[in-house]
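Input: a single structure, listed below in structure tokens.
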Amino acid sequence: MQTSKSFQLEDFVAGWIGGASSVVVGHPLDTVKTRLQAGKGYKNTLHCILTIYRKETVMGFFKGMSFPLASITVYNSVVFGFFSNTQRLISKYRYGDERHPSGMLDLTVASMLTGLMSVGLGSPVDLVKIRLQMQTQMFLAENLHLAGNVSNGTNIPLRSVDIPSQRLYRGPIHCISSILQTEGLQGLYRGAGAMILRDVPGYTLYFIPYAIFCDLLKPEATSSPHPCSIWLAGGLAGSISWVTATPADVVKSRMQADAQLQRKYKGILHCIIHSYKTEGAQVFFRGASVNAIRGFPMSATMFLTYELSLRFFRSL
């Protein structure tokens, strides 16, 4: 029998493989989602995609990917390791055997605790990712602000403001350094409250549907799910989780994209009220279609590579 230490190592490696593959698959649509939620000037999803491609080429879709890709090793191993260990602790406490199958209540508690824990690691990662994704938008806002406050009244045409060549951050490390200098340590956790509102129910509607769909798609109650079943269950769980989390995700994205220089929102409630008053209730569902589409391949890839990696390591 393998020790708990070896299981933790397997979860770590499997979480890294699954997380890294899901980031590569889902990041382009994540950029589109962030621009739709926190940016300006996009009519719809297709217009946003075409605008990014025309102005920034294919590489524009991968802005901000290096940091989450690098940090996903720790994040996913902790998330999946924490979830698995919490399940075992709950089973040991309730049934006296950590291998006892988890009930729906057990899964719910483990999922909610995982969502709460994940914010500590995920909030800075998301913040840096969004700031890097929103560089062009933030520079546009700042240049327009400066252009509108020229003391001699000179009329500066919009086309003269060269946006694409400007970069607020040189990369993830420079972004973190700039945030720490201008906003302090708490700046890295801006939007963490909104992230809690997103991830606690979000992880509940991530792990539970996955478990339910896996059970439904298994040919026999005692058999292991087929890779195709894992892929489909993971994809459906991801779409459900992301769509239901969209309103909180909109607030989180706006809070995190709100840089110190041109701060618009005082807090979560102010962001919600201001967004509602200026753009209506539909603003909280902006990017929902992208989330649904993006959530499927990301989560399908995540769960499939995670589960297959675990099977491989445990067969050695």
Item to check | By accessible area with a 1.4 Å probe, ligands and nucleic acids excluded, highest first: order of 58, 283 | outcome: 58, 283
Checklist outcome for this item: Quick tally, 1.4 Å probe accessible area for 78, 200, sorted with the most first, runs 78, 200
Checklist entry - When ranked by the protection proxy of mean other Cβ atoms within 10 Å per residue, highest first, what sequence do the peptides 89-97, 32-40 form? => result 32-40, 89-97
Item to check | Restricting the stretch 233-281 to trypsin sites (Lys or Arg not before Pro) in coil, as DSSP defines it, with at most 16 other Cβ within 10 Å | outcome: 263, 264, 266
Next on the checklist: Could you sort 255, 112 by their accessible area in this structure, using a 1.4 Å probe and putting the largest first?
Outcome noted: 112, 255
Item to check | Solvent accessible area, Å² - residue 88, 1.4 Å probe, full protein context | outcome: 70
Item to check | Under Karplus coefficients 6.51, -1.76 and 1.60, residue-wise ³J(HN,Hα) of the stretch 120-133 in Hz, glycine/proline x | outcome: x, 8, x, 4, x, 4, 5, 4, 5, 4, 5, 4, 5, 5
Checklist outcome for this item: Projected onto the charge dipole of the chain (unit charges on the beta-carbon of Lys, Arg, Asp and Glu, signs +1, +1, -1, -1), the Cα from 53, 76, 107 with the largest positive-side position is that of 53
Checklist entry - Once the principal axes of the Cα atoms of the chain are found, what is the range along each, listed largest first in whole angstroms? => result 78, 37, 35
Checklist outcome for this item: accessible surface per residue for the stretch 179-270, probe 1.4 Å, DNA/RNA/ligands not counted, whole Å² -> 47
Checklist entry - How much accessible surface does residue 231 have with a 1.4 Å probe, in Å² rounded to 10? => result 110
Item to check | With every protein chain in place, the chain: carbon and sulfur % of accessible area (1.4 Å) | outcome: 66
Next on the checklist: At R0 = 25 Å, how high is the FRET efficiency between residue 54 and residue 285 if r is their beta carbon distance? Nearest 0.05 is fine.
Outcome noted: 0.45
Next on the checklist: From the helices alone, meaning DSSP H stretches of at least four residues, give me the mean residue ellipticity at 222 nm for the chain, per-run term -39500 (n - 2.57), in deg cm²/dmol to the nearest 500.
Outcome noted: -25000 deg cm²/dmol
Item to check | Nearest-ten-degree value, helix 135-147 long axis tilted from longest Cα axis of the chain | outcome: 20
Checklist entry - With every protein chain left in place, what is the accessible area of residue 220 in Å² (1.4 Å probe, nearest 10)? => result 120
Checklist outcome for this item: Under the Karplus relation with 6.51, -1.76 and 1.60 and θ = phi - 60°, whole-Hz ³J(HN,Hα) for the stretch 73-83, x at Gly and Pro, equal 4, 6, 4, 5, 5, 5, 4, 6, x, 5, 4
Item to check | Residue-count net charge about residue 233 - beta-carbon cut-off 15 Å; Lys, Arg +1, Asp, Glu -1 | outcome: -1
Checklist entry - So, with +1 on the Cβ of K and R and -1 on the Cβ of D and E, and no other charges, what is the size of the charge dipole of the chain about its Cα centre, to the nearest 20 debye? => result 800
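The values are calculated or read from the model by the stated rules, or taken from the named source; none is laboratory data. Note that the structure is a prediction, hence the values are computed from the model and not measured. With ideal geometry, Cβ positions are generated from the backbone for all residues, glycine too; neighbour counts draw on all protein chains shown. The accessibility values were calculated without ligands, DNA or RNA, using every heavy atom of the protein model including side chains. Shrake-Rupley method; radii C 1.70, N 1.55, O 1.52, S 1.80 Å.
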